[in-house]
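Student: Got a structure for you, written out below as structure tokens; questions coming shortly.
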Amino acid sequence: MKQKKKEIETEDTILDEKKPLDVSNASSDELVLESDRPFLERFGRGFVNFWRNKSTIDTLKYILKRLLLMVFTFGIVFVVCFVLIRLLPIDENTGMDDKEKFYLSMVSKGIYRRIENPDGTYTYEVMPILLQFVNFIKNLFSGSDHPFGYSYRIQWLISPHEILGSRLTPTILMNIYTMIVSVPVGLGLGTFMALRKNHWEDHVLSVLIMLVISVPSYVYAFVLQYLFGYVWQIFPPTAASSTVGYFSPTYFASIILPVLSMCFGSIAGYARYTRAELTEVLTSDFMLLARTKGLSRGQATVRHAFRNSLVPIFPMILGEIIGVLSGSMIIEAIFNVNGVGGLYLESITKQDYDVFQFVSMFYIFIGLVGTLVVDISYGIGDPRITMGGGK
Amino acid sequence: MEKEIMNFNTEASMDIKSIPSDLFVKKENNENLHDQAFETKPITYLRGAFMRFAKNKASIVAAIIIGLLVLFAIVVPFVSPMSRVDPIEYPNGFKDPNFTYALPTNPINKALNLGWWDGTEVKTGIPKNDLDMYELDDSNHAPIAEVVEKVEEKIGARIQTHYTLRLDSYSTGCKEINVSQEEYEKLVAYEKEQGIYHTDKGIMKPLRNCGSYLDKYQKQLEDEMKAAIDEGVTPPVTEDAISKIIDFLEGYYNQHQRVWYEIVSRNYSQNSFVIKYDANNKVTPIYEMNGGEYVYAKDNLGKVTIRVDYYDYFTFHNGFEPRFMFGTNSAGEDIFYRLALGTRFSLLLGVGISLINFIIGLIWGAVSGYYGGTADLVMERVTDIISCIPTIVILEIASVQFTNNADLKSAIGQGGIIVLAFLLAFVYSGWIGVAGTTRMQFYRFKGQEYVLASRTLGAKDPRLIFRHILPNAAGTLVTSSVLMIPGVIFGESTLSYLGVVNFSTSGLVSIGSLLNEGSHAGLNAHPHMLFFPCVVISLLMICFNLFGNGLRDAFNTTLRGSED
């Protein structure tokens with residue numbers, strides 16, 4: 001048996017020597033199939049080859065083009081959002097007594113103009129939107145300590161980027177915990193389903209996944225909160241306040257439920273995607289070759305199928321890593337988490353426009369960067385894809 | 001069969017002689033040769049799609065559930081008794097403040113006394129006084145409390161007794177209400193007709209006279225105090241304490257309108273009381289008497305004050321029993337009825353917006369895909385930019401802008417503003433998906449020979465687009481637009497749940513606004529307010545997705561015959 005395996009291997013090598021399968025990427029002394037290498041090494045090689053490749057200039061051009069396009073898109077979206085938000089009526093009643101400070105801040109942002117009356121009093125007048133925009137850009141680059149304006153209703157006269165900075169930690173923590181749980185579980189479930197395709201396990205899990213993907217996330221957030229938080233009282237039903245420290249065990253225990261409710265959808269998504277990719281790869285010809293070489297089913301699946309199916313999944317994970325900065329509005333609202341999503345919602349319900357504008361642009365920016373990174377990483381993870389490869 | 005053989009053999013004339021001659025048929029001169037017509041009916045594209053759809057059991061079930069939900073949303077708002085209440089009395093739809101947060105109930109569970117979904121609730125830590133109040137209740141629907149458990153707790157030397165009771169949330173007991181003279185006369189006529197006028201079973205109950213009882217009790221306390229002072233002992237109460245006791249008791253009587261008997265302070269305490277039993281262990285009523293007769297009605301500034309069994313009075317007044325299948329909310333509005341309204345609103349919004357998106361996306365995608373080149377490039381960049389701005393930003397800006405526009409508000413009202421804002425927000429970027437699919441389909445078909453043939457024959461662009469390419473792409477496009485409906489419903493419910501749009505004064509209800517109400521009322525305190533909307537929206541989502549997937553598979557001709 002052993003000998004037979006050896007024979008096949010040598011045959012394989014001979015075959016490789018005659019016709020190297022990966023001419024473009026492997027130099028002549030490397031006779032290993034590209035898909036035989038560990039994934040990270042492959043990724044690294046892809047990265048190295050990417051720089052050695054003759055088409056690197058093309059690729060760089062492509063990335064540069066995408067970057068410029070992104071900046072261009074972001075600029076247009078920013079102008080549109082700016083104009084739309086500035087068209088909203090300004091509510092001078094901020095709930096704080098200090099009206100003078102409000103006016104001064106509005107003047108310093110260049111939204112109001114101060115006009116001195118002959119009797120020594122002042123009146124304030126709204127500037128045209130075009131001038132407001134010019135003032136905003138000036139303010140942004142003048143090194144002022146409030147480059148993005150002021151919050152009036154969430155935190156009196158604090159700059160939106162400071163508020164956002166203080167709200168980032170819980171959101172990032174929650175998203176990272178979610179990823180730590182959902183990526184391995186999702187990939188594992190997907191692999192299991194692909195291997196047991198058309199068996200009862202696969203059918204049951206498929207139905208479950210369909211249910212989880214269809215049912216809105218807030219529904220199982222409510223179910224988890226009600227059962228675990230209120231009825232059985234296993235976990236705290238809402239997130240602890242930030243005073244206990246974001247890294248303390250108390251805080252961790254209190255965000256288990258929101259993390260769990262985010263995990264459901266995420267796990268279902270990964271599992272479905274992995275299953276689809278893996279079933280496709282498992283039926284391809286090179287799997288048959290791998291089995292003929294003498295690899296066991298497990299070896300073939302892990303070394304060849306799973307790694308190949310990771311090619312499209314890896315960018316997905318990468319995109320999610322960038323997405324950890326943006327919080328889920330609905331989960332944060334239900335569990336009272338003091339995060340970015342909560343801030344966004346607060347800025348909408350309280351109509352705090354500077355914060356609203358800043359957080360909106362933050363979300364849009366993350367979305368754009370995420371798309372860009374995902375698109376570029378497709379080419380890096382899979383050497384078969386040439387970026388910007390023309391028609 | 002014979003003809004086939006004949007045709008075959010003309011090519012190989014060598015073998016003709018070897019064929020037995022009886023296989024040949026003589027052809028008459030005037031007879032034309034034809035292919036045999038199909039004996040079975042051809043399976044058209046739609047029929048094939050329907051057959052494939054019918055094989056998918058899950059999709060069929062989903063379609064039936066969607067049908068039931070649509071029926072629920074259409075029928076209930078018309079047949080529900082809530083829809084027929086007096087619009088002058090209830091301008092914003094039916095509500096009754098005496099039935100706030102009533103629990104869900106249904107007649108079957110109620111009759112079987114199952115203990116769940118029958119409007120009852122188990123409450124713990126009820127003191128003896130409240131238990132007595134429920135047991136002594138003089139309404140027509142007593143007894144209303146069922147003792148589940150008696151808990152004796154030792155606090156220091158004293159033993160405190162609590163009760164765990166199963167309470168019916170629809171038993172409001174007796175209430176003192178003011179009604180118009182007309183209404184009073186109608187009630188009297190009704191009671192006389194039923195033969196329950198001024199009897200135990202009547203809707204109207206004798207009025208209480210708390211004032212005269214409390215005066216009597218105050219005098220008694222003062223007498224006790226004076227007697228103690230006369231005897232030279234420390235008086236049990238002071239002047240000040242007496243007025244506080246009386247205030248407390250008066251407050252209690254006002255708060256608990258079903259208490260119709262005398263209560264006295266417990267050991268002269270200012271905040272606890274006991275029920276006063278006479279020698280026969282009976283309570284003393286405090287009903288208002290006039291010449292040995294109970295007083296049932298009193299004139300009060302042109303209105304009539306009566307004390308009624310509220311459950312029966314409600315039935316008499318509104319024409320239906322106060323039994324709410326899905327319970328009521330904080331304002332005492334029926335959730336079953338409102339859920340039907342909300343489902344109707346959500347479905348209409350979902351279908352309407354999907355239709356608009358479908359039309360816009362179709363035109364955009366057709367132009368971009370058919371013409372290609374620079375037009376396509378520019379149009380793609382435009383969709384890129386449009387899709388960057390989140391729906392929530394557009395919705396927020398639109399709703400604030402519209403709400404502040406007084407002309408618009410007076411023209412279409414708050415409800416119209418909400419609909420318009422949703423329409424704008426979801427149409428704004430919702431069509432991009434359809435446009436993308438259409439564009440793909442056009443790229444797929446526009447290079448094919450039949451299009452070229454048609455063009456050669458002189459067909460113009462619109463004809464090629466609408467007569468030749470679009471019908472081919474129809475299946476894919478229709479399916480993608482069906483899958484868009486749950487997306488819109490989900491988006492709407494999420495945004496309304498978050499409170500981005502304020503439904504409160506609009507008179508409109510959506511599933512999302514019901515969820516918002518429910519979460520404000522508290523998940524822990526009133527889970528029924530969230531439970532039913534959640535069930536409906538989950539069913540909608542699951543069924544639309546299953547149904548849409550079924551449609552997609554049905555219209556996918558590559559799956560033809562794959563299951564056989």
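What follows is calculated from the coordinates using simple rules that are stated; it is not laboratory data. This one's a predicted model, so the numbers in the text were calculated from it and none came from an experiment. Neighbour counts are summed over all protein chains in view; Cβ atoms, including those assigned to glycine, are modelled from backbone coordinates with ideal geometry.
Student: Is there a quick way to get the dipole size of the range A:104-185? I mean about its Cα centre, with the Cβ of Lys and Arg at +1 and of Asp and Glu at -1; what is the value in debye to the nearest 20? Please list the in-between numbers first.
Tutor: On the way: 6 positive and 5 negative charges, 39 e Å.
Dipole magnitude for the range A:104-185 comes out near 180 debye.
Student: OK, next. Please give the average number of partner chain Cβ atoms lying within 10 Å of the Cβ of each residue in B:394-404, rounded to a whole number.
Tutor: Numbers: counts 2, 1, 10, 9, 1, 1, 8, 4, 0, 1, 3.
Neighbouring Cβ atoms belonging to other protein chains average 4 per residue here.
Student: Sort B:Ser513, B:Ser429, B:Ser265 so the one with the fewest other Cβ atoms within 10 Å of its own Cβ comes first. Please report the intermediate quantities before stating the final value.
Tutor: Numbers: B:Ser513 26, B:Ser429 17, B:Ser265 22.
Starting with the residue having the fewest Cβ neighbours, the order is B:Ser429, B:Ser265, B:Ser513.
Student: Once each part is reduced to its C-alpha centroid, what is the distance from the range B:39-90 to the range A:251-289 in angstrom?
Tutor: Between the Cα centres of the range B:39-90 and the range A:251-289 lies a distance of 34 Å.
Student: Inside 10 Å of the C-beta atoms of B:379-388, what's the mean count of C-beta atoms belonging to other chains? Walk me through the numbers before you get to the answer.
Tutor: Values: counts 0, 0, 4, 1, 0, 8, 7, 3, 3, 14.
Mean shielding by partner chains, rounded to a whole number: 4.
Student: Now for a separate question. Peptides A:352-359, A:272-279: what's the order by average Cβ count within 10 Å, highest mean first?
Tutor: On the way: A:352-359: 24.8, A:272-279: 20.9.
Peptide ranking by packing, descending: A:352-359, A:272-279.
Student: Let me ask something additional. Among the complete DSSP H segments of chain B, which ones combine at least 27 Å of alpha-carbon extent along their axis with a mean Kyte-Doolittle hydropathy of -1.0 or more?
Tutor: B:57-79, B:335-371, B:406-445, B:528-555
Student: Sticking with this structure for a sec: How big is the gap, in Å, between the Cα center of the range B:375-403 and the Cα center of the range B:282-361?
Tutor: 43 Å
Student: Round to the nearest 0.05 the FRET efficiency obtained for B:Tyr294 and B:Glu89 when R0 = 30 Å and r is the Cβ-Cβ distance.
Tutor: Details: r = 29 Å, r/R0 = 0.97.
For B:Tyr294 and B:Glu89, the calculated efficiency is 0.55.
Student: Can I ask one more? Can you give the relative contact order of the range B:106-171 as a percent, counting alpha carbon pairs under 8 Å and 6+ residues apart?
Tutor: Details: 97 pairs, mean separation 23.9, N = 66.
Averaging sequence separation for qualifying contacts and normalising by length gives 36 percent for the range B:106-171.
Student: Something else now. Would you calculate a helix-derived [θ] at 222 nm for the protein assembly as shown, using -39,500 (n - 2.57) for each DSSP H run of n ≥ 4 and dividing by the full residue count, to the nearest 500?
Tutor: On the way: 34 runs with 555 residues, N = 955.
Only helices count here, giving -19500 deg cm²/dmol.
Student: At a 10 angstrom cut-off on C-beta neighbours, averaged per residue, how do the peptides A:335-345, A:158-168 rank from highest to lowest?
Tutor: Descending packing order for the listed peptides: A:335-345, A:158-168.
Student: When only Cα pairs under 8 Å and 6 or more residues apart are kept, what is the percent relative contact order across the range B:335-559? Write out the running numbers ahead of the final one.
Tutor: Details: 238 pairs, mean separation 66.5, N = 225.
Across the range B:335-559, relative contact order equals 30 percent.
Student: Separate question: Could you list A:Leu60, B:Leu551 in order of exposure, starting from the residue whose Cβ has the fewest other Cβ atoms within 10 Å?
Tutor: Values: A:Leu60 14, B:Leu551 23.
Final ranking by Cβ density, sparse to dense: A:Leu60, B:Leu551.
Student: Using the charge dipole of the range A:160-350 (Lys, Arg: +1 at Cβ; Asp, Glu: -1 at Cβ; taken about the Cα centre), state which of A:Val302, A:Ala221, A:Pro249 has its Cα farthest towards the positive end.
Tutor: Of the candidates, A:Val302 comes out farthest on the positive side.
Student: A further question follows. Taking the dipole about the Cα centre of chain B, with the C-beta of Lys and Arg at +1 and of Asp and Glu at -1, give me whichever of B:Ser354, B:Pro471, B:Ser18 is farthest to the positive side.
Tutor: Checked the options; the winner is B:Ser18.
Student: Between the range B:418-470 and the range B:121-163, how far is it from one alpha carbon centroid to the other, in angstrom?
Tutor: Rounded to whole Å, the Cα centres lie 71 Å apart.
Student: Let me ask something additional. May I ask which residue of B:Thr284, A:Ile180, B:Pro77 lies farthest towards the positive end of the charge dipole of the protein assembly as shown, with charges of +1 (Lys, Arg) and -1 (Asp, Glu) on Cβ and the Cα centre as origin?
Tutor: About the Cα centre, the residue reaching furthest to the positive side is A:Ile180.
Student: Would you tell me the mean number of C-beta atoms belonging to other protein chains that fall within 10 Å of each C-beta in A:217-227, as a whole number? Mind dumping the intermediate values first?
Tutor: Details: counts 2, 11, 9, 2, 1, 8, 4, 0, 3, 5, 0.
For this peptide, the per-residue mean of nearby foreign Cβ atoms is 4.
Student: Quick one: B:His520, B:His34, B:His317, fewest Cβ neighbours within 10 Å first, how do they rank? Walk me through the numbers before you get to the answer.
Tutor: Numbers: B:His520 12, B:His34 7, B:His317 20.
In increasing order of surrounding Cβ atoms, one gets B:His34, B:His520, B:His317.
Student: A further question on this structure: Give the long-range amide H neighbours of B:Phe324: residues separated by 5 or more places, or on another chain, with amide H under 5 Å away, using H modelled in the peptide plane at 1.01 Å from N.
Tutor: Under 5 Å from the amide H of B:Phe324 lie the amide H atoms of B:Thr105, each far enough along the sequence or on another chain.
Student: Turning to a different aspect of this structure: Quote the relative contact order of chain B in percent (integer), defining contacts as alpha-carbon pairs under 8 Å separated by 6+ residues.
Tutor: Working: 730 pairs, mean separation 100.3, N = 564.
Taking the mean separation of contacting Cα pairs over the length of chain B, I get 18 percent.
Student: Compute, for the protein assembly as shown, the length of the dipole vector about the Cα centre, with Cβ point charges of +1 (Lys, Arg) and -1 (Asp, Glu) only. Units Debye, rounded to 20.
Tutor: Details: 84 positive and 98 negative charges, 806 e Å.
Rounded to the nearest 20 debye, it is 3880 debye.
Student: Then there's this: Can you tally the net charge around A:Tyr353? Count Lys and Arg as +1, Asp and Glu as -1, for every other residue whose Cβ sits under 15 Å from the Cβ of A:Tyr353. Present the calculation step by step, with values, prior to reporting the outcome.
Tutor: Numbers: positive: A:Arg86, A:Lys109, A:Arg153, A:Lys350; negative: A:Asp91, A:Glu92, A:Glu346, A:Asp352, A:Asp354, B:Glu396.
With Lys, Arg at +1 and Asp, Glu at -1, the net is -2.
Student: I've got another one for you. Note down the magnitude of the dipole of chain B about its Cα centre, charges +1 on Lys and Arg C-beta and -1 on Asp and Glu C-beta and zero elsewhere, to the nearest 20 debye.
Tutor: Details: 49 positive and 63 negative charges, 485 e Å.
Computed about the Cα centre, the dipole is about 2320 debye.
Student: What does the charge count around B:Gln257 come to, taking other residues whose C-beta lies under 9 Å from its C-beta (Lys +1, Arg +1, Asp -1, Glu -1)?
Tutor: Spelling it out: positives minus negatives among the neighbours equals +3.
Student: Under 5 Å between amide H atoms, partner at least 5 residues away or on a different chain: which partners does B:Phe273 have, H built in plane at 1.01 Å?
Tutor: Under 5 Å from the amide H of B:Phe273: B:Arg266.
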